[in-house]
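Participant: The structure that follows is given in the form of structure tokens.
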Amino acid sequence: MLQWKDLYDDCLSCYKCDIGNKRNNMVFGDGNPKAKLMFIGEAPGADEDRIGVPFVGKAGQLLTKALIALNLNREKDYYICNICKCRPDNNRTPCEEEAKNCLPYLRNQVALVKPRIIVCLGATAMKYILGDQWKITRDRGKWIERKGFYITLTFHPSAILRDDSKKRLFWEDLKSVQRKYNEIC
């Protein structure tokens, strides 16, 4: 297992797939590296690629606003990152090869953070954390315990921006995360 600086440097020098050649910035992760709560998304968007920080665009701002309303602060309470560390063209879903190339980096981040709670944001994070048998609409909000982690899934905040009818479910899921956080952390 690599320590933070070496892991960051490995991600920065990674060109295992084509998206590494097209990125402006590698988007590693942000927040408290000792947090008990970890959010995992899909891949950086255009704003994240430009700035180099995850979840800073419109979807990230929505998530941050909701978490602040629940008294959860990025710098203190959680760490946030993505399956892929580079932005796929036109914000498309990462292909299998791209995700699998980045998974060792994500596993290393999880091992370093040692969260008690992992929240999968969207279907891509859910697929690579929990597996293909899970479905975001059917299984969002459910909790499982695996390898010492409490894991749940909810819609990616970008889905909320596209479909307002998911907002209430997303909010209920985040309140469930807050309750679990208050219970075990």
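FYI, it's all coordinate maths here, none of it is from the lab. Predicted, not measured: the structure shown is a model, and the values here were computed from it. Cβ placement follows ideal geometry from the backbone for every residue including glycine, while neighbour counts extend to all protein chains displayed.
Participant: Please give the contour-minus-distance gain from residue 164 to residue 144: 0.36 nm per residue of separation, less the Cα-Cα distance, rounded to one decimal in nm.
Facilitator: Separation in residues times 0.36 nm, less the Cα-Cα distance, equals 4.5 nm.
Participant: Taking the Cα centre of the stretch 93-185 as origin, work out the dipole magnitude from +1 charges on Lys and Arg Cβ and -1 charges on Asp and Glu Cβ, in debye rounded to 20.
Facilitator: The dipole magnitude comes to about 320 debye.
Participant: If I fit a long axis through the Cα atoms of helix 58-69 and take the longest principal axis of the Cα atoms of the chain, what angle between them do I get, 0 to 90°, rounded to 10?
Facilitator: The angle comes out at about 40 degrees.
Participant: Tell me which of 129, 115, 182 sits at the most positive position along the dipole axis of the stretch 35-185, charges placed on C-beta atoms (Lys, Arg +1; Asp, Glu -1).
Facilitator: 182
Participant: Might you report the magnitude of the Cβ-based charge dipole of the chain about its Cα centre, with Lys and Arg at +1 and Asp and Glu at -1, to the nearest 20 debye?
Facilitator: Result for the chain is approximately 560 debye, rounded to the nearest 20.
Participant: How about the stretch 12-79: which chymotrypsin sites (Phe, Trp or Tyr not before Pro) there lie in a loop by DSSP and see at most 15 other Cβ atoms within 10 Å?
Facilitator: 15
Participant: Beyond 24 Å, what share of the Cα-Cα pairs of the stretch 4-184 remains, rounded to the nearest whole percent?
Facilitator: 31
Participant: I've got another one for you. With just the Cα atoms of the stretch 33-107, tell me how far they stretch along each of the three principal axes, in Å, largest first.
Facilitator: 37, 25, 17
Participant: Mean separation of Cα pairs under 8 Å and 6+ residues apart, divided by the residue count of the chain: what relative contact order is that in percent?
Facilitator: Relative contact order comes out at 24 percent.
Participant: Starting from the Cα gyration tensor of the stretch 84-158, take the square roots of the eigenvalues, sort them a ≥ b ≥ c, and report rounded, prolate or oblate (rounded when a/c is under 1.5, otherwise prolate if a/b is larger than b/c, else oblate).
Facilitator: The shape class here is oblate.
Participant: Now for a different question. Tally the DSSP beta bridges in the chain and give the antiparallel ones as a percent, rounded to 5.
Facilitator: Beta bridges within the chain, antiparallel portion: roughly 30 percent.
Participant: Moving to a separate point now. Apply the Karplus curve 6.51 cos²θ - 1.76 cosθ + 1.60, θ = phi - 60°, to the phi angles in the stretch 8-19 and return the couplings in whole Hz, x for Gly and Pro.
Facilitator: Coupling constants for the stretch 8-19: 4, 4, 4, 5, 5, 9, 7, 9, 5, 9, 4, 5 Hz.
Participant: Of 170, 60, 91, whose Cα points farthest to the positive end of the dipole of the stretch 4-184 (charges on the beta-carbon: +1 Lys, Arg; -1 Asp, Glu; origin at the Cα centre)?
Facilitator: 170
Participant: Let me ask something else about it. Apply the Karplus parameterisation 6.51 cos²θ - 1.76 cosθ + 1.60, with θ equal to phi minus 60°, to every residue of the stretch 171-182 and state each ³J(HN,Hα) to the nearest whole Hz, in sequence, with x for glycine and proline.
Facilitator: Per residue, the Karplus-derived 3J(HN,Hα) values read 4, 4, 4, 5, 5, 5, 4, 4, 4, 5, 4, 5 Hz.
Participant: Please report the spacing between the Cα centers of the stretch 118-139 and the stretch 140-165 in Å, no decimals.
Facilitator: 7
Participant: Take residue 51 and residue 34, extend 7 Å from each Cα along the Cα→Cβ direction, and tell me the distance between the two endpoints in nm.
Facilitator: 2.6
Participant: What are the ³J(HN,Hα) couplings of the stretch 90-99, residue after residue, when phi is run through the Karplus curve with 6.51, -1.76, 1.60 and θ = phi - 60°? Round to Hz, x for glycine and proline.
Facilitator: 6, 6, 5, 5, x, 6, 3, 4, 4, 5
Participant: Quick query: amide H of residue 150 versus all other amide H atoms, modeled in the peptide plane; which residues come in under 5 Å with a sequence gap of 5 or more or a different chain?
Facilitator: Sorted by chain and number, the residues that satisfy this are 117, 118.
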